[in-house]
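S.K.: Mind having a look at this structure? Questions to follow.
The values are calculated or read from the model by the stated rules, or taken from the named source; none is laboratory data. Owing to the predicted nature of the structure, the values given are computational and were not obtained by experimental measurement. Every residue, glycine among them, receives a Cβ derived from its backbone with ideal geometry; neighbour counts consider all protein chains shown.
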Amino acid sequence: MKVAIAGAGSVGTAIARDLSANRHDVLVLEVDAELVAKRRQELPQVTWIAADACEVSSLDAAGLATVDVVVAATGDDEDNLVVSLLSKQEFAVPRVVARVNNSKNQWLFNETWGVDVSVSTPLLLTALVEEAVSVGSLVRLLQFEGGNAHLVEVTLADDSPAAGTAIADLGVPRDATVVAVVRDDRLVVPRGDTVLQPGDEVLVLVTAAAEPAIRPLFVGA
């Protein structure tokens, strides 16, 4: 897989390092030429390009039309939105992932701006904290498809309506699906006859419209 990353800061560099280690073809665009020279010595297996990723000409010269995924990982939300929009509209990149630095800007990171998946570090950290301390609460972990689909998690309380019930009997709406169950630190691949138990961590992929119908199934009124 060929991946282009905008931004050679700590986040972009960490992504580049991991993807390259997994044998992906990675190129990084960074406007700071000195930082590019430094990163090139640190990670010579990655292609480093000193260019402004917000410029169409720079993206064209980098061969963006040939990449499979673009990651807009700069520390500026405006830049990430511009990179996402250009990647999708000018170069028809199949998958665009964008970093959200300020959670107040989350609503902008949708398909209108060319974003397929947005990752908000503040919101993700909040969700992980909530997930670690909350039992019987529905926690949103990730957002996909411009905000139209969410990955949510709930740890079933003793009095959860879902406890002791097979997944097929829950009445999960058509726009939602149970994708994983973690029980006693072990992954359980869910099937229709899987009976949920108190303490299970249940991961559900659900559309925004169907999310309100999920809460009473797993949390209750």
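S.K.: Report yes if some residue within the range 194-205 is acidic (Asp, Glu), more than 20 Å from Ala149 (Cβ to Cβ) and surrounded by fewer than 18 Cβ atoms within 10 Å (Cβ to Cβ); otherwise report no. Explain how you work it out, then say what you get.
M.R.: Residues of the range 194-205 that are acidic (Asp, Glu), as a first pass: 200-201.
With the extra rule that they be more than 20 Å from Ala149 (Cβ to Cβ), the set shrinks to 200.
Then drop every residue that is not surrounded by fewer than 18 Cβ atoms within 10 Å (Cβ to Cβ), which leaves none.
Scanning the range 194-205, I find no residue that is acidic (Asp, Glu), more than 20 Å from Ala149 (Cβ to Cβ) and surrounded by fewer than 18 Cβ atoms within 10 Å (Cβ to Cβ), so the answer is no.
S.K.: Need the failing condition index for Gly171 against (1) out of contact with any strand residue (DSSP E or B) (no Cβ under 7 Å at 6 or more places or on another chain); (2) surrounded by 13 or more Cβ atoms within 10 Å (Cβ to Cβ), just the number.
M.R.: (2)
S.K.: Take the residues in the range 20-59 that are among the charged types (D, E, K, R), outside any loop (DSSP other than H, G, I, E, B) and more than 26 Å from the chain's Cα centre (by Cα); name whichever of them is farthest from Leu86 (Cα to Cα). Break it down into steps so the answer makes sense when it comes.
M.R.: Here is the first cut: in the range 20-59, the ones among the charged types (D, E, K, R) are 23, 25, 30, 32, 34, 38-40, 42, 52, 55.
In the following step, the residues that additionally are outside any loop (DSSP other than H, G, I, E, B) were identified as 25, 30, 34, 38-40, 42.
Okay, now just the ones that are also more than 26 Å from the chain's Cα centre (by Cα), so 34, 38, 40, 42.
Working: Glu34: 25, Lys38: 27, Arg40: 25, Glu42: 29 Å.
Per the stated criteria, the residue is Glu42.
S.K.: Could you please find all residues in the range 174-193 being surrounded by fewer than 18 Cβ atoms within 10 Å (Cβ to Cβ) and not in a loop (DSSP other than H, G, I, E, B)?
M.R.: Result: Thr177, Val179, Ala180, Val182, Arg183, Arg186, Leu187, Val188.
S.K.: Quick check, is Glu55 without any contact (Cβ under 8 Å) to a residue 12 or more places away in the chain, in the same structural domain as Thr13 (by TED's automatic domain parsing) and surrounded by 14 or more Cβ atoms within 10 Å (Cβ to Cβ)?
M.R.: Numbers: without any contact (Cβ under 8 Å) to a residue 12 or more places away in the chain: yes; in the same structural domain as Thr13 (by TED's automatic domain parsing): yes; surrounded by 14 or more Cβ atoms within 10 Å (Cβ to Cβ): yes.
Answer is yes for this residue.
S.K.: Does the range 167-181 contain any residue that is in contact with a Gly (Cβ under 7 Å, 6 or more places away or on another chain), closer than 15 Å to Leu156 by Cα and touching a residue at least 24 places away in the same chain (Cβ under 8 Å)?
M.R.: Checking the range 167-181: at least one residue is in contact with a Gly (Cβ under 7 Å, 6 or more places away or on another chain), closer than 15 Å to Leu156 by Cα and touching a residue at least 24 places away in the same chain (Cβ under 8 Å).
S.K.: Right, something else. Scan the range 149-165 for residues that are part of a strand (DSSP E or B) and either touching a Phe, Trp or Tyr at 6+ places or on another chain (Cβ under 6 Å) or among the polar types (S, T, N, Q) (or both) and jot them down. Walk me through it before giving the result.
M.R.: Looking only at the range 149-165, we keep the residues that are part of a strand (DSSP E or B), and these are 149-155.
Across the range 149-165, the qualifying residues are Val154, Thr155.
S.K.: How many residues does the range 102-121 hold that are within 12 Å of the chain's Cα centre (by Cα) and part of a helix (DSSP H, G or I)?
M.R.: The total comes to 1.
S.K.: All but one of (1) modelled with pLDDT under 85; (2) assigned to a helix (DSSP H, G or I); (3) small (Gly, Ala, Ser) hold for Ala168; which doesn't?
M.R.: (1)
S.K.: Go through the range 69-101 and count every residue that is of a type in the set (A, V, I, L, M), in a helix (DSSP H, G or I) and either surrounded by fewer than 24 Cβ atoms within 10 Å (Cβ to Cβ) or free of Cβ contacts under 8 Å to residues at least 60 places away in the same chain (or both).
M.R.: Our first condition is that a residue be of a type in the set (A, V, I, L, M); within the range 69-101, this holds for 69-73, 81-83, 85-86, 92-93, 96-98, 100.
Applying the additional criterion that residues be in a helix (DSSP H, G or I) yields 81-83, 85-86.
Among the residues that remain, those that are also either surrounded by fewer than 24 Cβ atoms within 10 Å (Cβ to Cβ) or free of Cβ contacts under 8 Å to residues at least 60 places away in the same chain (or both) are: 81-82, 85-86.
Number satisfying all stated conditions: 4.
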